[in-house]
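Here the structure comes first, spelled out in structure tokens, and everything after it is commentary.
We did not get these values from a lab; they are worked out from the coordinates using the rules stated. Computed from a predicted model, the values in this text were never measured in an experiment. Cβ: placed from backbone, ideal geometry, glycine included. Neighbour counts: every protein chain shown.
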Amino acid sequence: MLAHQHCPARREDICGSPDAAAWLWSDPKAAGVGGTKAMQASYDASLPVVQATTSYVEVKLIGGRNVAVRRGDVVLRAAGASWGATRAKVVAQARKFVGLSYLWAGTSGFGFDCSGFTYSMYLAYGVTLPRDADHALLGLAAQRTITENTTLKARVRQLTSDNRTLEERLEAARSNARFADRRIAQLEAQLTEHAPAR
């Protein structure tokens, strides 16, 4: 079960049910949980934490009702800190689900499909992967588009710079040509002035 504590004094994440699911109980007790079983929370379920003790964690359900889960059914982790995902840890987590039935589009301890399984195993360690192959491919396509866009922008800047350089060179040549035309006109005028009369 995944839950998040929003207590400003002690920000912690509670992540990962050691099992496929954990029972939520109607009443927290000093020695643990009590009352009746309120519902089962699946692996990777996310709920806000009201308080955490050594024997139970009190969480808030949608709608505002508070319930408790045994402290041993969740793992506390510091918010924003690395959760230490390693290949061995992810594989060990995954082995807990050997024998679980395949469930099309499943992403919980009640059943997984292949991409949902991979997504959930990594999510237990704070690593968010694309949910399925389409999302992964879209991510790759988006990255490729961003790269191509960056490359094209760089090329446009280079061509613009080259164009400015060519325009500057053309202007210089025209200026030189105007100078040369003026100089030729001056020389012709001088030749005409100093030419012997015929």
Requested in this report: Would you mind ranking Met121, Met39 by Cβ crowding within 10 Å, fewest neighbours first?
Outcome: Met39, Met121
Query raised in the report: What are the residues whose amide H is under 5 Å from the amide H of Gly109, where those residues sit 5 or more places off or on another chain and H is modelled from the backbone?
Result: Tyr43
Query raised in the report: Given H placed 1.01 Å from N in the peptide plane, which residues other than close sequence neighbours of Val50 have an amide H under 5 Å from its amide H?
Result: Glu58, Val59, Lys60
Query - Table column - 3J(HN,Hα) (Hz), region 149-164, Karplus curve with 6.51, -1.76, 1.60, x for Gly and Pro - result: 4, 4, 5, 5, 4, 4, 5, 5, 4, 5, 5, 5, 5, 4, 5, 4
**Report entry** Note, ³J(HN,Hα) from phi for region 43-59, Karplus 6.51, -1.76, 1.60, rounded to Hz, x at Gly and Pro
**Finding:** 3, 6, 5, 10, 9, x, 8, 8, 7, 10, 10, 6, 10, 8, 10, 8, 10
**Report entry** Eligible lysines near Lys29 by straight Cα distance, threshold 23 Å, same-chain separation 8 or greater
**Finding:** Lys37, Lys60
